[in-house]
1. Considering only residues that are of a type in the set (A, V, I, L, M, F, W, C) and closer than 16 Å to GLN557 by Cα, which ones fall in the stretch 755-782?
2. Among the residues of the stretch 262-278, is there at least one that is at pLDDT below 85, more than 30 Å from LEU87 (Cα to Cα) and among the small types (Gly, Ala, Ser)?
3. Filter the stretch 393-410 for residues that are modelled with pLDDT of 75 or more and open to solvent by less than 10 Å² (accessible area, probe 1.4 Å); which is nearest to ILE372 (Cα to Cα)?
4. Going by the structure shown, is LEU97 in contact with a helix residue (DSSP H, G or I) (Cβ under 7 Å, 6 or more places away or on another chain), open to solvent by less than 60 Å² (accessible area, probe 1.4 Å) and over 15 Å from LEU73 (Cβ atoms)?
5. For ALA488, which of the numbered conditions (1) assigned to a helix (DSSP H, G or I); (2) under 22 Å from GLN557 (Cβ atoms); (3) of a type in the set (A, V, I, L, M); (4) in contact with an Asp or Glu (Cβ under 9 Å, 6 or more places away or on another chain) fails to hold?
6. Can you tell me which of ARG64, ARG91, ARG27 is touching a strand residue (DSSP E or B) at 6+ places or on another chain (Cβ under 7 Å), of a type outside the set (A, V, I, L, M) and free of Cβ contacts under 8 Å to residues at least 60 places away in the same chain?
7. When the residues of the stretch 578-598 are filtered to those that are over 24 Å from ARG819 (Cβ atoms) and free of Cβ contacts under 8 Å to residues at least 40 places away in the same chain, which remaining residue is least open to solvent (accessible area, probe 1.4 Å)?
Amino acid sequence: MITLKNYQVRVLDSLRDFFRRCSKYGRPEMVFQEVLLQNGSKMQRYLPVQMAGLAEGMPYVCLRVPTGGGKTLLACHAAGLAITDLLHTDRAVVLWLVPSNTILDQTADALRDPRHPYRRALELACGAVEVVTIEEALRLSRATVEGQTVVIVATIQSFRVEDTTGRKVYEQNGSFSEHLLNVPSNRVADLLPGADGKPKPSLVNMLRLRRPIVIVDEAHNARTKLSFSTLGDLLPSCIVEFTATPAREETPSNVLHRVSAAELKAEDMIKLPLRVITRHPSQRDQLLADAVTLRSNLERLAVDEGQKTGEYLRPIMLLQAERVDACEPLREKLVNEYGVSKDEVKISVGSLDDLKDIKDIAAQKCPVRFIITVQKLREGWDCPFAYVLCSLKETRSATAIEQIVGRILRLPAAQAKQNPDLNCAYAFSVSDSLPEVLNELREALESNGFTKDEAERIIIPVWQGTLPLGRHPESVRVEPAEIDTTVAEVQMRALAGKARIDTVRGEITVIVPLDKDETEKLASCVKTPEAKTKIKEMVNVVREKEKAFGGSGAPRQPSPYELQMDFIVPLLCVNEDGKLLEFESTFLLEHPWKLSAKDASLSTYYDPLARPTGKAGLVDVGDKGEVKTSAVEDGEVQDFVAIMQQQVLGLSPIEDWPLERLGSWLDSHIDHQDIPAGESAEFLRKVIRGLMAKYGIAETSILALDRYRLREEVELRIQLHRDNERKAAFKEFLLPGSMLAVSEEQAVNFKRISYAPSWLYEGNFQFKKHYFGAKPGELLEKKADGKLMEEFQCAQFLDNLPEIKFWVRNLTRKPGTFRLQTSKDWFYPDFICQLTDNRILAVEYKGKHLYDGTDAEEKRAVGAVWASRSAGRCVFVMPTDGNFDEVIKAVKH
């Protein structure tokens, strides 16, 4: 079983919140905005799909995950969330759409294999599962569909009538006659009629009846009006897209959650940075020799890594030949001139595909170390062992380089290696223009789901003629004796951190673009003309890199992070017998409390017999617990989600639900790790008996028909009791004399964290003091009406204060950021500042309408305690309404 990474948990939390709120309020356009706001994401308008069969109220969202981010694993869990939190059922039909037949076979095989992590994730999320292809779906029995969740893996083309398989989807098929027996009267109009005017037994009608959950993998390949029209024929309950590159034009995607490159790197999912080495076309053979040598060196490092960790690695090089007819001669060249064994070199071009016979390229017995291609590798081919790309083509198509670059990004085993060179990817390219190559790679990375700003930080050009192992990528190495240590000491002070010299290793690193005078100062630190030339060429590489990514290439000051300055912020801790532990939620529930003794009555607004009805139909319960359906008058307000839930409920088989079964079901579907099973069981029995008495319900089976809404109501009641207990404990901790303490023994050092914003500031203001550079993470400049955001104005104010040495935009719910515990949740102050007197200032800006709320009151209280327990080392302020007097007072005190 694959344990979900932190960013994957955040993605699924966003989707769960969206589905639950859609279920509760029936307005996806409203809850979409709420989830974006909750996540601190950039606001965007929700656009319902305008297409026949796709109702305006149908939930439709996109999850943006770059290459290497685990989209398939997320999709497995997303299917389960749609079943339980949107459809409110135990099983459903899932239509899993992929872009090609090759990916179809690969996906279906993985989802069927009981040993594969995807299959186990699917079963964990959805329960019992049957996975079929579209051809197999044409023979589905009713018992199969009603007995477990059915996942149909298909391409969008399979549902187009001009396709042979597509015609079978719509054609009359006797296998589906049993599916249409006893169809609820209010559903007949949803089904396509046959020649006799009655619903035609067909796969498409089975799908229309079951309201399938649609998962779209690599959605950018399927987003056309024709595709949406095809999906409309199936009457889906929702559409969830997974893609690295969401659509922006014609039918823009509703991007609910974005995963950044920094988040993937922080979780060891991808190899970064991408180190780039170029040579002039006249030096093509030397470039190939450099690449072959580097791959060989990487393998030696991999062997050493394996001896230390037990992990098997075999770095593979992808070679892009100039033409198809150049592939075999290139293989012979590797064999004859570089001593490579022929079975280590495979060719993958068109009909000649040596890879198709290799079942497991990661197996220890597999000899492959080189793969030669021209345009792109076989679709669906994936191997994290691919470390090196060497392109011998002078002119490259954007799609070819994009696809091949995507192959070298995944990090083996999604686990950081002890040797940092095994955490990077390498690209060698024939070109007489470094900016041209950098631009190509930037576009390739953008096509793999990274932003331009991310690409700028990912791609590191390396000085021509050097191999980039074992050193900083933007540095040159000379003999230590070539460095004049006396001059270097003087010039390093003059350059003020813009360059670094390691006199022991002979390594000279350029941090930022230098002007002519600064370049001469740096070059004067070495004695020989050859060493001076190396330095000047490296300075040019750094300048050209910045220009290639839209910068001016002009000299600038390095950021505090580039200077590797400490930025230490002590945490609020609990002192337990002299041991400091971060103050977090478990301390709030360490005191004994009994859920079973609490009030088990639910909200007065909840009535298990008055479920939302929507407009199209009504589902009710008869005296014997049977499901009854009927039409509803046209005057009702339409609620797509409520209608859909009733339609799904109307197809549910009648089951016996004694009190013990319902209680057990609720217990297993509510997270309560902090509450003993006996306590929760007794509380749930009180809830069930109370509802039955209040509403005159004779059988728990009737109450079980509304078990999903009941679960949500019980969760809310348990959380209310939990919050009250935590608030009491929280207040105790805030009292003078409590065990809370502040010490640098437990602290965040921003120098050592992976700053992983989901997006960067995009405005025109030039921040000068932000710790990680001029573009803070997740900071909006303007509202939709064009007015400046108050948080942005606060950031501007801090940036201009002379008493502030540097500051950081503190990210919410990201690993390594600074946080304080409230009675309910973690609290992440908006800005953390290092003052010139070395004190730490935490700033939480609050809008005037929120300042007097309970949430703000708790944040002020815990911030004040953090400051008071720091012996004057820390300060906390909460400005509001554009008034920063409190900040001025704090920094001048």
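1. Residues satisfying the conditions are PHE767, PHE772, ALA774.
2. Yes, the stretch 262-278 contains at least one residue that is at pLDDT below 85, more than 30 Å from LEU87 (Cα to Cα) and among the small types (Gly, Ala, Ser).
3. Filtering the stretch 393-410 for residues modelled with pLDDT of 75 or more gives 393-394, 404-410.
The next check asks that each one be open to solvent by less than 10 Å² (accessible area, probe 1.4 Å); those that pass are 404-406, 408-409.
Details: ILE404: 11, VAL405: 14, GLY406: 16, ILE408: 14, LEU409: 18 Å.
Step by step, filter the stretch 393-410, then rank; the result is ILE404.
4. Criteria met by LEU97.
5. Answer for ALA488: the failing condition is (4).
6. Sole residue among the options that is touching a strand residue (DSSP E or B) at 6+ places or on another chain (Cβ under 7 Å), of a type outside the set (A, V, I, L, M) and free of Cβ contacts under 8 Å to residues at least 60 places away in the same chain: ARG91.
7. ALA597
Table: residues versus (1) closer than 23 Å to PHE730 by Cα; (2) part of a loop (DSSP other than H, G, I, E, B); (3) in contact (Cβ under 8 Å) with a residue 60 or more places away in the chain.
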position: GLN834; (1), (2), (3): no, no, yes
position: ASP852; (1), (2), (3): yes, yes, no
position: ALA856; (1), (2), (3): yes, no, no
position: LYS859; (1), (2), (3): yes, no, no
position: TRP866; (1), (2), (3): yes, no, yes
position: ALA871; (1), (2), (3): yes, yes, yes
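The values are calculated or read from the model by the stated rules, or taken from the named source; none is laboratory data. Because the structure is a prediction, the values reported are computed rather than measured. All Cβ positions, glycine included, derive from the backbone under ideal geometry; neighbour counts span all protein chains shown. Remember, those area values only see protein heavy atoms, side chains included, never the ligands or the DNA or RNA. Shrake-Rupley method; radii C 1.70, N 1.55, O 1.52, S 1.80 Å.
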